[in-house]
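The values are calculated or read from the model by the stated rules, or taken from the named source; none is laboratory data. Just so you know, these numbers come straight off a predicted model, no measurement behind them. Cβ placement follows ideal geometry from the backbone for every residue including glycine, while neighbour counts extend to all protein chains displayed. Ligands, DNA and RNA are excluded from the accessible area calculation, which covers all protein heavy atoms including side chains. Shrake-Rupley method; radii C 1.70, N 1.55, O 1.52, S 1.80 Å.
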Amino acid sequence: MAEFTTLEHENLNSVVYAALCDALMQGRFQPGDRLKIRDLAEQFGTSVTPIRDAILRLANDEAITFRSPRDIRIPGMAESRYREIRAIRIRLEGLAAETAAQVATSADIHALEGILRENEQAIDAGDRLKGTQLNQAFHFMLPQIAGLPVLNNILRRLWLQMGPHISDAYIEGGRAMIDHHYPVIEALKRHDPAAASIAIVDDILLGGKPILERIVHGVERPARRA
């Protein structure tokens, strides 16, 4: 179950929405999880109003399914939708990697290597949540290094939908989830845009196989409440 820190902020609607977005992208929810507005309000230390507003925005983002106030869930994903999102990610994240390779500094590369080291530890420990968070951090470092904030915002919407599914397959995927991150770093060290793009595409296609398999075979999980 996802846990949140009590919030104190003049613009609670935006803060709650951003926190729930981060939770989705980082895999703190998984497909089938049920969201309870009052439970979330209690965890955040707010009234139900900013939670409800954030939920409605996330439904508009197609990140959650809102059937009624009593039936709010993290949706499953059709294979066709996964393949469409994957095709878009290939183009956009390929661009991010390609551009990052042209401008990456030693500090940028050091930061990516640190994320990857921590991710290795998370996989060894079987820590699904930490591993998923670090995986998302690695991918989003690339448009940040590239200096592409518009692209970063576009990717956020895709990852709102993909985060729970990446998390769902993370432990089962094992090393496939990070093995292709190493060639990305090596390409950035060489300032080789083409190799960086190929490496991140390999990561999305090959590293994403466990995700696609779970979607195709419709692996069922017991619903959790968040």
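For the reader, a short list of remarks on this structure follows.
- Diffusion constant of the chain at 25 °C, which comes from Stokes-Einstein with the Kirkwood Cα-pair radius and 0.890 mPa s, µm²/s: 136
- Entry comment: accessible area of the chain is 48 Å² per residue, from protein heavy atoms only and a probe of 1.4 Å.
- Label zone at Lys36, where the point sits 7 Å out along the Cα-to-Cβ direction: the stretch 67-95 residues whose backbone N lies under 19 Å: 67-75
- By accessible area, using a 1.4 Å probe on protein heavy atoms only, the chain has 50% of its surface on carbon and sulfur.
- Counting only heavy atoms of the protein chains and using a 1.4 Å probe, Val216 has close to 70 Å² of accessible surface.
- Taking a point 7 Å out from the Cα of Glu62 in the direction of its Cβ, the residues of the stretch 68-86 whose backbone N falls within less than 20 Å of it are 68, 72-86.
- The phi torsions of the stretch 154-171, fed into the Karplus equation with coefficients 6.51, -1.76 and 1.60 and a -60° offset, translate into couplings of 5, 5, 4, 5, 5, 6, 4, 7, 8, x, x, 7, 5, 4, 4, 9, 5, 5 Hz, rounded to whole numbers, with Gly and Pro shown as x.
- Calculated FRET efficiency, Arg70 to Ser14, Cβ-Cβ distance, R0 = 25 Å: about 0.45 to the nearest 0.05.
- Computed over the stretch 122-226, Cα set: Rg, Dmax in Å: 14.5, 46
- Ordering Arg28, Arg89, Arg38 by accessible surface, largest first, gives Arg38, Arg28, Arg89; the 1.4 Å probe counts only protein heavy atoms, with every chain in place.
- Label-to-label distance, nm, for residues given as Asn152 and Ile88 (7 Å Cα→Cβ offset): 2.0
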